[in-house]
Amino acid sequence: MGRHFGDLAKMRHIITYSISPFEQRAFPNYFSKGVPNVWRRFTASIFKIAPPMILMYLTYTWGTHIHEQSKRKSITDLENEK
C-alpha cells in the first residue's frame, strides 16, 4: 500500500541527529542570557524608535487640538446677528 509519509524518499550520505523533546530543557539560560540580551537590544534600538514616535505623538495632539478649536463657534461672529 505504498510508503509511509516519512519514508517517501531515500537520502543517501546525509546524517541527521535529533533529540527527543522530552530530553530538551525548555528554557536553558533564560535568565542568564535571555533577559540581558533583551535589555541590550532594547537600549540599542530605543534611540532610533523613540524620536519619531514622540514627533508623531506631538503632531497628532497638536492636530487634534487645532481641530477641536476650529469646531468651536466664535463669540465675535455671533454679536452682529441680532
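The values are calculated or read from the model by the stated rules, or taken from the named source; none is laboratory data. From a predicted model like this one, the values you see are computed outputs, not experimental measurements. Here the Cβ positions follow ideal geometry from the backbone for every residue, glycine too, while neighbour counts run over all protein chains shown.
Once segment 1-47 is narrowed to residues that are among the small types (G, A, S) and surrounded by 10 or more Cβ atoms within 10 Å (Cβ to Cβ), the residue that is modelled with the highest pLDDT is S45.
Of the residues contained in segment 61-75, none is found to be of a type in the set (G, A, S) and touching a Phe, Trp or Tyr at 6+ places or on another chain (Cβ under 9 Å).
Considering each of L55, L78 in turn, give the residue that is assigned to a helix (DSSP H, G or I), out of contact with any Gly (no Cβ under 6 Å at 6 or more places or on another chain) and loosely packed, with under 10 Cβ neighbours inside 10 Å. Sole residue among the options that is assigned to a helix (DSSP H, G or I), out of contact with any Gly (no Cβ under 6 Å at 6 or more places or on another chain) and loosely packed, with under 10 Cβ neighbours inside 10 Å: L78.
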